[in-house]
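Some notes on the structure that comes next.
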Amino acid sequence: MTWQALHEGWILRAVPGPQVPAAIAGRAVPATVPGCVHTDLLAAGLIPDPYLDDNEKGLAWIGRTDWVYETTFTLEPGEDERVDLVCAGLDTVATLTLNGAEVGRAENMHRGHRFDVRSLLVAGSNTLAVRLDSAYRYAEAHRDRLGDRPNAYPEPFPYIRKMACNFGWDWGPTLVTAGIWQEIGLHAWSTARLAVVRPLVTVEAGDGRVELHVEVERAGDVPLTVRATVAGATAAATVPAGERTAVLALTVRDPALWWPRGYGEQPLHPLAVTLHDADARPLDTWSRRIGFRSVRLDTTPDAHGTPFALHVNDTPVFVRGVNWIPDDVFPTRITRHRLAHRFRQATGANVNLLRVWGGGRYESDDFYDLADELGLLVQQDFLFACAAYPEEEPFGAEVAAEAAEQVVRLAPHPSLVLWTGNNENIWGWHDWDWQGPLAGRTWGRGYYLELLPRIVAELDPTRPYWPGSPWSGSEGIHPNDPAHGTTHIWDVWNTDDYPKYRAYVPRFVAEFGWQAPPAYATLRRALSDEPLAPDSPGMAHHQKAADGDLKLQRGIDAHLPPPADFDDWHYLTQLTQARAMQVGIEHFRSHRDTCAGTIFWQLNDCWPVTSWSAVDGDGRRKPLWYAVRRAYADRLLTLQPRPDGLAVVAVNESGASWRAPVTVTRSTLDGECRVQSTLEIDVPAYASVTLALPADLAEPGEARHELLVAEAGDDAGRALWFFAEDRDVRWPAAAFDATVESFDGGRRVRVTAATVLRDLTLFPDRLDPAAEVDEALVTLLPGESVTFTVRSAAPLDPAALASRPVLRCVNDIEAAGAA
């Protein structure tokens with residue numbers, strides 16, 4: 001058995017058409033495989049970077065063009081009974097020819113293909129060509145054949161099994177790709193090969209069990225033996241002549257369990273499978289790492305409705321999650337190193353779950369391997385988002401094949417704890433005026449409520465399946481009812497204001513978010529606007545959300561002083577995003593006895609854009625990231641309004657009890673104590689405690705000049721409550737002393753407040769695009785100090801580090817003290 005990768009010597013050509021630019025028509029372009037047309041043209045200097053300015057608009061022709069990849073390779077003749085051309089991923093509408101003969105066709109980006117090509121190969125030089133027809137032409141033809149269906153965007157993505165967000169989203173560019181996007185090569189083999197290996201890993205009475213389902217493909221009808229080993233356990237089974245399947249059972253006594261991060265360790269065990277012929281000669285091997293753990297959803301109705309509580313190893317896990325989108329429009333640019341960095345950013349913000357959103361892709365082996373190692377739980381959507389999807393052929397068969405392949409591929413990973421049928425499509429059918437235009441035609445219900453749950457139940461019954469996000473648990477209950485199952489909260493961003501999060505006490509929040517622009521250095525790299533302005537051409541093009549800038553301004557107007565310039569606007573929009581998510585997360589966590597988790601929208605971006613992300617398209621952390629790190633901390637102290645007044649809530653997501661005195665002080669902005677009280681908290685592991693504040697603490701004497709400060713030691717930081725909006729507070733002009741000292745690898749900036757400093761934040765990327773800071777959004781009272789540690793290889797100017805626009809706070813804005 002041999003594998004010959006076919007990744008070298010490729011060239012790319014555009015099929016002639018009137019839309020193809022003259023500089024590219026008829027030209028042979030060196031191509032990288034795996035890769036895509038956009039990255040090949042970019043590497044050849046034939047197109048501008050689609051992420052810069054509005055270059056995206058001038059590249060729409062690429063998605064409406066047919067392309068041909070071609071390579072020549074040398075083959076040494078062998079004695080193998082089969083030689084297969086294996087294509088792990090073709091994007092998307094492909095016709096393959098070998099030495100001029102058609103090998104096969106493909107029309108699904110989300111599954112692999114295998115073709116027997118032994119009879120077409122010749123000794124010596126062989127030519128392989130992959131023609132990729134326009135995804136637009138294919139999708140529009142099926143749309144015209146089947147009839148248009150409702151869709152959140154005016155693009156035909158429901159009519160092709162391809163990454164939907166290639167066609168644009170409210171955070172992404174429209175860059176419709178084509179390419180050989182995963183590995184391709186020749187697999188030569190004889191007698192038999194391992195076609196499917198499907199381990200079902202469970203824990204029963206403390207013992208680890210692996211029920212190993214094996215399917216072989218044969219070139220010869222002889223008896224075969226399958227052997228498997230894991231963690232010292234072994235098993236073997238015979239596959240008699242004429243049969244293709246076997247089931248092996250392995251038991252590991254009392255294994256160390258795999259746990260989500262924060263709950264325990266993540267031991268992983270190599271599972272090795274070998275296939276042998278009748279003479280015990282090895283024919284094929286397969287290996288993966290597995291972890292022993294159990295997972296279930298608790299959806300037993302209770303007094304509050306229908307819960308959605310994730311249990312791992314019979315332990316309830318409060319989900320502190322983020323939504324994940326593709327980290328780049330062009331998947332082959334997403335390396336394991338890049339994913340590892342992004343995952344460190346997630347864990348650094350105390351995240352324990354990534355939801356892989358349904359408009360992107362089934363994530364990579366690297367993604368899942370890293371999640372396994374780090375204890376990051378994963379919820380994987382099946383790939384349907386924000387549209388009515390046809391169930392007619394060829395889509396029904398393609399979806400079934402795609403789903404089966406991906407369920408089997410991801411089955412070994414302990415990090416994967418939940419399959420979800422779609423993103424917002426059941427909700428859309430109920431609330432987005434779909435039913436009239438559909439007029440009884442298919443829209444995806446058969447996928448979400450019949451086909452996909454059947455496939456998961458047959459191929460991976462160890463994991464729960466949930467038909468949609470959101471989903472109430474029953475067709476008889478509105479799919480986005482906050483009292484049942486999972487809910488998405490988007491009225492806050494779209495029409496209301498972030499304090500409205502407190503009107504919800506949902507069972508589980510699977511999406512909610514607030515926008516902000518990316519880091520300043522990201523904007524300056526991506527945009528040539530001079531000057532930058534909220535409505536300058538590049539800024540406008542990199543704002544994809546409907547009325548996004550109006551919603552950003554509404555958020556500022558409701559809470560903050562008006563910005564005087566772009567620097568103010570940039571700081572205040574990022575601050576508003578951070579506050580919105582902190583308000584929402586802390587409120588939901590304060591109701592952890594009812595609400596079992598939050599997944600905010602979103603961790604990452606795929607390009608430089610104004611969006612809901614905590615980490616921008618260049619990988620820089622926004623102030624939101626620091627707010628989430630606080631709001632998702634294991635121990636959270638928060639001040640919350642309750643029907644009878646303010647309360648201090650202590651939330652403990654650690655495995656040890658939390659006993660501490662909490663000092664609550666009502667003071668003036670000048671730091672003068674008006675009232676102080678000490679409360680005792682005793683919070684069991686994985687629990688919360690709510691303590692009402694006495695009226696003399698909770699009721700201000702002068703709302704615009706006072707605040708509450710609650711402190712419970714370093715573990716929980718401190719919680720603040722301002723009695724008036726920043727726009728109404730009588731802020732003193734910001735006054736402070738700042739000292740800057742150098743160290744090997746950066747500078748430390750120590751700020752000592754002479755006046756209150758509200759949400760003090762340092763933006764070192766304005767001086768060095770590579771600079772990072774350890775802290776943000778710090779509020780100081782007079783006499784208090786904070787030290788920011790800035791890591792940078794550049795010699796940063798001390799004066800610039802300690803002044804606007806690098807060092808900012810709310811009360812350095814000119815209008816802040818005018819109230």
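The values are calculated or read from the model by the stated rules, or taken from the named source; none is laboratory data. Only a predicted model underlies this, so the values are computations on that prediction, with no experimental measurement involved. Note that each Cβ is placed from the backbone with ideal geometry, even for glycine, and that neighbours are counted across all protein chains shown. Surface areas here come from the heavy atoms of the whole protein model, side chains and all, with no ligands, DNA or RNA. Shrake-Rupley method; radii C 1.70, N 1.55, O 1.52, S 1.80 Å.
Taking 1 over the mean of 1/r across every pair of different Cα atoms in segment 682-819, what Kirkwood radius in Å do you get? It would help to have the intermediate numbers written out before the result.
Numbers: mean 1/r = 0.0593 Å⁻¹.
By the Kirkwood definition, the hydrodynamic radius is 16.9 Å.
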* Kirkwood Rh (inverse of mean 1/r, distinct Cα pairs), segment 615-671, angstrom -> 14.4
* Show that you can apply the helix-only estimate: for the chain, add -39,500 (n - 2.57) for every DSSP H stretch of four or more residues, divide by all residues, and state [θ] at 222 nm to the nearest 500. => -5000 deg cm²/dmol
* To do: Based on the mean of other Cβ atoms within 10 Å per residue, sort peptides 201-207, 39-45, 629-635 so the most packed one is first.
  => 629-635, 39-45, 201-207
* Structure fact -> Counting only residues 5 or more apart in sequence or on a different chain, those whose built amide H sits under 5 Å from that of I290 are H269, L271
* Taking K622 as the anchor, which lysines have their alpha carbon closer than 22 Å to its alpha carbon, excluding any fewer than eight residues away along the same chain? -> K544, K551
* To do: With only alpha-carbon atoms counted, please give the Rg and Dmax of segment 257-391, in Å.
  => 18.3, 64
* Can you give the Rg to Rh ratio of segment 325-428, both from alpha-carbon atoms, with Rh computed by the Kirkwood formula? -> 0.99
* How long is segment 63-154 along each principal axis, judged by its Cα atoms, biggest number first, in Å? -> 54, 23, 19
* Asked: On the first, second and third principal axes, largest extent first, how far apart are the outermost C-alpha atoms of segment 433-586 in Å?
  -> 58, 37, 33
* Short version: ³J(HN,Hα) in whole Hz for each residue of segment 261-271, in order, from phi by Karplus 6.51 cos²θ - 1.76 cosθ + 1.60 (θ = phi - 60°), x for Gly and Pro, what are they? -> 4, x, 10, x, 8, 10, x, 10, 10, x, 10
* Asked: Using only the Cα atoms of segment 1-154, what do you get for the radius of gyration and for Dmax, in Å?
  -> 17.5, 56
* Asked: Roughly what % of Cα-Cα distances in segment 670-713 sit above 16 Å, to the whole percent?
  -> 48
* Asked: Residue by residue, what Karplus-based ³J(HN,Hα) values in Hz, rounded to whole numbers, does segment 169-175 have, using 6.51, -1.76 and 1.60 with θ = phi - 60° and x for Gly and Pro?
  -> 8, 7, 9, x, x, 8, 9
* Asked: Using all Cα-Cα distances in segment 441-505, what percent lands in each 5 angstrom bin from 0 up to the longest?
  -> 4, 15, 18, 19, 17, 11, 8, 6, 2
* Structure fact -> the chain: spread of alpha-carbon positions along the three principal axes, whole Å, largest first, is 88, 68, 63
* Structure fact -> Between the alpha carbon centres of segment 158-180 and segment 188-214 the gap in Å comes to 35
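Evaluate 2.2 N^0.38 Å with N set to the residue count of segment 521-643, then give the Cα radius of gyration divided by it. The partial results should precede the final answer.
Values: Rg = 15.9 Å, N = 123, 2.2 N^0.38 = 13.7 Å.
This ratio for segment 521-643 stands at 1.16.
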* Distance between segment 598-635 and segment 526-590 - C-alpha centres, whole angstrom -> 14
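Using a simple charge model, +1 on the beta-carbon of Lys and Arg, -1 on the beta-carbon of Asp and Glu, nothing else, what dipole does the chain show about its Cα centre, in debye to the nearest 20? Walk me through the numbers on the way to the answer.
Values: 75 positive and 110 negative charges, 120 e Å.
Around 580 debye, computed over the chain.
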* Jot down the radius of gyration and Dmax of segment 156-199, Cα atoms only, both in angstrom. => 17.4, 51
* Structure fact -> Once the dipole of the chain is set up from charges on Cβ (+1 Lys and Arg, -1 Asp and Glu), the residue from the list V492, A164, A401 lying farthest towards its positive end is A401
* Asked: Counting pairs of alpha carbon atoms under 8 Å apart in space and at least six apart in sequence, what relative contact order in percent does the chain give?
  -> 9
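Could you give the accessible area per residue of the chain, probe 1.4 Å, as a whole number in Å²? Present the calculation step by step, with values, prior to reporting the outcome.
Details: 29300 Å² over 819 residues.
Using a 1.4 Å probe on heavy atoms only, each residue of the chain averages 36 Å².
If Rh is defined by the Kirkwood formula over all Cα pairs and Rg also comes from Cα, what ratio Rg/Rh do you get for segment 403-442? Present the calculation step by step, with values, prior to reporting the outcome.
Details: Rg = 15.5 Å, Rh = 12.8 Å.
In segment 403-442, Rg relative to Rh is 1.21.
Taking a quarter of the surface of the Cα convex hull of segment 22-107, what do you get in nm²?
Values: hull surface 30.0 nm².
The number I arrive at for segment 22-107 is 7.5 nm².
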* Asked: Once the Cα gyration tensor of segment 113-265 is diagonalised, what are the square roots of 5 times its eigenvalues, in whole Å and ordered largest first, as equivalent ellipsoid semi-axes?
  -> 41, 29, 15
* Return the long-range amide H neighbours of R674 (sequence gap of 5 or more, or a different chain), with a cut-off of under 5 Å between placed amide H atoms. => R666, S667, T668
* Structure fact -> For segment 197-208, in residue order, the Karplus 3J(HN,Hα) values (coefficients 6.51, -1.76, 1.60; θ = phi - 60°; whole Hz; Gly and Pro = x) are 10, 10, x, 9, 9, 9, 10, 10, 6, x, 9, x
* Asked: Mind ordering 466-473, 357-364 by average Cβ neighbours within 10 Å, highest first?
  -> 466-473, 357-364
* Using a probe of 1.4 angstrom, how much of the accessible area of the chain is carbon and sulfur, in percent? -> 50
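Just to be sure I follow: if Rg is taken over the C-alpha atoms of segment 497-579 and Rh is the Kirkwood radius over the same atoms, what is Rg/Rh? Show your work: numbers first, answer last.
Details: Rg = 14.2 Å, Rh = 14.0 Å.
Result for segment 497-579 is an Rg/Rh of 1.02.
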* Using modelled backbone amide H atoms (1.01 Å from N, in-plane), which distant-in-sequence or interchain residues come within less than 5 Å of V239's amide H? -> L224, T225, V226
* Extension gain (nm, one decimal) between A28 and E725, 0.36 nm per residue minus Cα-Cα -> 244.8 nm
